[in-house]
Amino acid sequence: MNNNQSFQAAAWRRLKKNKGAVLGIVVIVLAILVAVFAYFIAPDPSPFANRIILEISGEKPGFKQSFIKIKKDKEVAKTGLLKQLISGKEDAYLFIPIVKHEKKGDSIVVQKYIDEGISERQAFHLSQTANDPVVTKKFLLGTDKYGRDILSRLVVGTRVSLSVGLITVIISLSIGLLLGSLAGYYRGRTDDIIMWFINVIWSIPTLLLVFAITLALGKGFWQVFIAIGLTMWVNVARLVRGQVLSVRELEYVEATRALGFSDLRTIVRHIWPNIMGPVMVIAASNFASAIVIEAGLSFLGIGVQQPQPSWGLMIKDNYNFVITHNPMLAFAPGFAIMLLVLAFNLLGNGLRDALNVRGRI
């Protein structure tokens with residue numbers, strides 16, 4: 001136990017000295033905090049950051065616009081902190097873009113913004129408006145083709161990318177550890193059957209396999225996570241099999257057999273802890289790959305569906321702006337994908353060096 005603790009302490013010291021890995025950890029921790037508190041951070045805290053204002057669609061970063069807040073026809077229930085943390089807070093008001101406004105008696109008269117140089121005069125009774133009826137909002141990253149705040153959707157979309165990575169890693173580790181351990185520990189016919197199955201799955205292009213599973217399960221939030229997870233266990237299984245084959249004849253495994261321990265206990269309690277270094281490295285790699293695959297599926301239209309924000313879906317909706325007047329609409333989610341994938345790759349490289357598994361994977 002002391003040797004294990006000292007190894008972990010030494011590995012942590014080596015990891016802290018790796019500047020790339022530390023940078024990756026910082027970015028990942030920040031991304032997790034952004035994902036958890038997304039609806040408190042986002043300028044648009046509505047569910048899925050889906051406040052549609054068509055009049056201000058496709059605006060550039062830094063765009064400012066004044067709005068008059070008009071009460072909705074239906075009464076919107078108050079949202080508790082926990083519910084807002086999980087799913088956002090429904091807008092109690094309609095946000096109507098205006099050019100100018102003035103109060104006249106018990107009414108407020110506005111020039112409603114319709115398009116560049118076009119406005120329409122409208123009047124609202126003060127009982128229809130919020131207590132502070134006119135607000136000015138700045139859209140730091142601009143608006144998409146539906147007039148939604150790009151920054152807000154980018155922030156909320158962090159949840160999708162981190163969720164798909166986490167669920168994919170859980171599924172791939174569960175299947176990969178199980179099959180890889182069985183193949184490596186029992187060898188013989190068990191190994192032959194599992195390796196045949198692994199080679200069959202390995203021979204199918206990942207994207208094609210994801211397409212097939214997605215079509216079978218349907219489009220949606222959870223379906224794409226499961227589909228990606230079911231395609232990424234092969235790497236883990238091959239790695240675990242090789243590690244188990246290399247340690248199954250060592251003295252401590254022989255000792256467990258001599259003491260009469262069950263095969264399950266030997267694998268779970270004694271073999272797995274000693275092969276977790278390489279598995280952690282490949283888990284970080286799979287996390288990064290899952291983010292890219294999810295973005296690709298969403299870009300192709302078979303991943304996360306509207307109105308839920310996904311970075312890949314944001315690129316799909318706005319990529320035509322790259323060659324027109326507002327490339328930031330597609331560049332912002334693309335840069336976010338690049339930064340998060342880079343962070344996990346840097347962490348994976350740091351773990352590989354810190355755990356001394358460079359020559360083992």
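Just so it is clear, none of the values below were taken in a lab; they were calculated from the coordinates. Just so it is clear, the model here is predicted, and its values are computed rather than measured. Cβ placement follows ideal geometry from the backbone for every residue including glycine, while neighbour counts extend to all protein chains displayed.
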Report summary line: The extension gain from residue 300 to residue 206, computed as 0.36 nm times the residue separation minus the Cα-Cα distance, is 32.4 nm
Query raised in the report: Taking the Cα-to-Cβ direction at residue 128 and at residue 74 and moving 7 Å from each Cα, how far apart do the two end points lie in nm?
Result: 2.0
Query raised in the report: Gaussian network model of the chain, Cα springs within a sub-10 Å range: biggest mean-square fluctuation belongs to which of 209, 126, 33?
Result: 126
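For region 1-73, what number results from the quotient of the Cα radius of gyration and 2.2 N^0.38 Å? Please report the intermediate quantities before stating the final value.
Details: Rg = 22.4 Å, N = 73, 2.2 N^0.38 = 11.2 Å.
Taking N as the residue count of region 1-73, the ratio is 1.99.
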Query raised in the report: Cross-link partners among aspartates and glutamates for residue 100, C-alpha distance below 13 Å, same-chain residues fewer than 8 apart left out?
Result: 120
Requested in this report: At 0.36 nm per residue, minus the direct Cα-Cα distance, what do residue 137 and residue 94 gain on full extension? Give it in nm, one decimal, please.
Outcome: 14.1 nm
Query raised in the report: Sorted by mean Cβ packing within 10 Å, highest first, what order do the peptides 38-44, 11-17 take?
Result: 38-44, 11-17
Query raised in the report: Expressed as a whole number of Å, what is the distance separating the alpha-carbon centroids of region 288-361 and region 79-146?
Result: 33
Query raised in the report: Which of the lysines could a cross-linker bridge to residue 219, judged by Cα under 27 Å and excluding same-chain residues fewer than eight apart?
Result: 83, 89, 145, 316
Report summary line: Classified through the alpha carbon gyration tensor (a ≥ b ≥ c as square roots of its eigenvalues; rounded if a/c is under 1.5, else prolate when a/b is larger than b/c, else oblate), region 52-147 comes out oblate
Report task. At a temperature of 25 °C and a viscosity of 0.890 mPa s, determine how fast the chain diffuses translationally according to Stokes-Einstein, using the Kirkwood radius over alpha-carbon pairs as Rh; express D in µm²/s, rounded to the nearest whole number. Result -> 104
Report summary line: If R0 = 41 Å, then residue 342 and residue 114, at their Cβ-Cβ distance, give a FRET efficiency to the nearest 0.05 of 0.45
Query raised in the report: Pick from 262, 298, 172: which residue has the top mean-square fluctuation in a GNM of the chain where Cα pairs under 10 Å get a spring?
Result: 262
Query raised in the report: What are the GluC sites (Glu not before Pro) within region 241-277 that DSSP puts in a loop, where the Cβ has at most 13 other Cβ atoms within 10 Å?
Result: 249
Query - Fully extended contour minus Cα-Cα distance, from residue 197 to residue 319, at 0.36 nm per residue - result: 40.0 nm
